[in-house]
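Visitor: Please find one structure pasted underneath; my questions will follow.
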Amino acid sequence: MVERVKTGIPGLDEILKGGIPKRNAVLLSGGPGTGKSIFSYQYLWSGLQMGESGIFVALEEHPVQVRVNMSQFGWDVRRYEKDGVFAIVDAFTGGIGEAAKREKYVVSDIDNIDEFLDVLRNAIKETNAQRIAVDSVSTLYLAKPAMARKIVMSLKRVLAGLGLTGILVSQVSVTERGFGGPGVEHAADGIIRLDLDEVDGQLIRSLIVWKMRGTSHSLKRHRFDITDKGIVVYPDKIVKLGRVVRVEERVEG
């Protein structure tokens with residue numbers, strides 16, 4: 001039996017046949033505005049509601065802004081931080097600024113991967129984290145794309161070795177259909193791609209699981225929405241060739 005981690009995102013666990021296999025490092029790829037950060041927040045918040053501690057690694061936004069963004073969906077993590085079961089690793093500010101000085105876990109030099117991993121290990125051990133989201137992992141190798149696979153593999157070893165199941169956000173351009181870096185897709189255990197495309201004259205959000213080690217999964221492109229309570233995936237709605245169809249319509253047709 002494969003031990004799974006439920007994402008807690010409505011509809012997604014159904015597509016994943018019960019959840020993400022434990023210890024998997026999943027690349028969450030997509031362009032701007034597709035909902036990658038919200039997905040990461042929701043994954044961690046859902047874990048906290050299930051009694052699973054977590055860590056958010058902020059590489060592209062100030063930790064203060066991360067907390068504000070999460071609170072807009074009703075996900076106030078401050079009390080979990082006080083309880084020591086949730087932490088934000090500040091890999092954005094470099095410790096510069098008054099607000100940054102109040103952060104507990106700070107990476108002073110993001111170009112120093114060894115320091116980054118040391119701060120991360122410390123945060124994981126002190127919170128006994130079971131879930132992690134890194135937003136975005138692309139920041140770690142944008143300046144040195146040749147190192148992308150090595151960096152992701154190093155991160156993956158730390159996470160798997162400490163028993164975490166992780167979401168690694170990967171940035172791509174609007175028109176790019178890849179996953180965010182040479183060789184990165186081979187290092188990840190799973191790939192979930194989020195897209196925002198024009199379908200029949202309107203923008204439609206869709207999700208597809210490209211791969212997921214350790215489990216079977218839907219191979220269809222499913223529609224999803226971002227609501228005031230987070231992401232909702234529709235297992236019965238498939239985005240196909242310029243239109244959205246329900247599963248039963250597609251089967252009957």
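Visitor: Ignoring any ligand, DNA or RNA, what whole percent of the accessible area of the chain comes from carbon and sulfur when the probe is 1.4 angstrom? Display every interim value, and only then the final one.
Guide: Values: 5880 of 11670 Å².
Whole-percent figure for carbon plus sulfur exposure: 50.
Visitor: Which length gain, in nm to one decimal place, applies between residue 65 and residue 82 when the Cα-Cα distance is subtracted from 0.36 nm times their residue separation?
Guide: On the way: separation 17, 0.36 × 17 = 6.12 nm, distance 1.78 nm.
So the chain would gain 4.3 nm between residue 65 and residue 82.
Visitor: I would also like to ask the following. How far is helix 113-127 tilted, in degrees, relative to the longest principal axis of the Cα atoms in the chain, given as a value from 0 to 90 rounded to the nearest 10?
Guide: Orientation of helix 113-127: about 90 degrees from the principal axis.
Visitor: Which value, in Å², gives the accessible area per residue of the chain when a 1.4 Å probe is used on the protein heavy atoms? Walk me through the numbers before you get to the answer.
Guide: On the way: 11670 Å² over 253 residues.
Accessible area per residue: 46 Å².
Visitor: Something else now. Would you please give the residues with an amide H less than 5 Å from that of residue 171, counting only those at least 5 places away or on a separate chain, with H modeled from the backbone geometry?
Guide: Placed amide hydrogens put 138 under 5 Å from residue 171.
Visitor: Using a 7 Å offset from the Cα along the Cα-to-Cβ direction at both residue 1 and residue 162, what is the distance between the two label points in nm, to one decimal?
Guide: Using points 7 Å along Cα→Cβ, the separation is 2.8 nm.
Visitor: With θ set to phi - 60° and the Karplus curve 6.51 cos²θ - 1.76 cosθ + 1.60, what are the ³J(HN,Hα) couplings of segment 148-164 in order, to the nearest whole Hz, using x for Gly and Pro?
Guide: Result, ordered by residue: 3, 5, 5, 5, 5, 5, 5, 5, 4, 4, 4, 5, 5, x, 9, x, 8 Hz.
Visitor: Moving on to the next point. Sum -39500 (n - 2.57) across every DSSP H segment of at least 4 residues in the chain, then divide by the residue count to get the 222 nm mean residue ellipticity, nearest 500.
Guide: Numbers: 8 runs with 71 residues, N = 253.
When only DSSP H runs of four or more count, the value is -8000 deg cm²/dmol.
Visitor: Which angle from 0 to 90°, rounded to the nearest 10, does the C-alpha axis of helix 36-49 make with the longest principal axis of the chain?
Guide: 70 degrees
Visitor: Can you match Cα extents along the principal axes in Å to one of these, (1) 59, 41, 39; (2) 57, 37, 35; (3) 70, 60, 30, based on a calculation from the structure here?
Guide: Looking at Cα extents along the principal axes in Å for this model, the match is (1).
Visitor: Can I ask one more? With θ taken as phi - 60° and the coefficients 6.51, -1.76 and 1.60, list the Karplus ³J(HN,Hα) couplings across segment 64-79 in order, rounded to whole Hz; mark glycine and proline as x.
Guide: Values, residue by residue: 4, 5, 4, 4, 5, 4, 5, 5, 5, 9, x, 9, 8, 8, 4, 5 Hz.
Visitor: May I ask for the net charge around residue 5, where only other residues with Cβ less than 13 Å from the Cβ of residue 5 are counted and Lys, Arg are +1 while Asp, Glu are -1? Can you show the working numbers first?
Guide: Values: positive: 4, 6, 17, 22, 23, 131; negative: 3, 13, 52, 189.
For residues surrounding residue 5, the net value is +2.
Visitor: Using the Karplus curve 6.51 cos²θ - 1.76 cosθ + 1.60 with θ = phi - 60°, work out ³J(HN,Hα) for each residue of segment 223-232 in order, rounded to whole Hz, and write x for Gly and Pro.
Guide: Once rounded to whole Hz, the list reads 6, 9, 10, 10, 10, 6, 10, x, 7, 10.
Visitor: On to the next question. Want the number for residue 121 to residue 236: 0.36 nm per residue separation, take away the alpha-carbon distance, what's left?
Guide: Values: separation 115, 0.36 × 115 = 41.40 nm, distance 4.00 nm.
The span from residue 121 to residue 236 would gain 37.4 nm if fully extended.
Visitor: Once you have the Cα-Cα distance between residue 211 and residue 50, take 0.36 nm times their residue separation minus that, and quote the gain in nm to one decimal. The partial results should precede the final answer.
Guide: Values: separation 161, 0.36 × 161 = 57.96 nm, distance 2.56 nm.
The residue 211-residue 50 span can extend by a further 55.4 nm.
The values are calculated or read from the model by the stated rules, or taken from the named source; none is laboratory data. In this text the structure is predicted, and so the values were computed from the model without any measurement. No Cβ is skipped: glycine too gets one built from the backbone with ideal geometry, and neighbour counts run over all protein chains shown. Heads up: the accessible areas ignore ligands, DNA and RNA and are worked out on the full protein's heavy atoms, side chains in. Shrake-Rupley method; radii C 1.70, N 1.55, O 1.52, S 1.80 Å.
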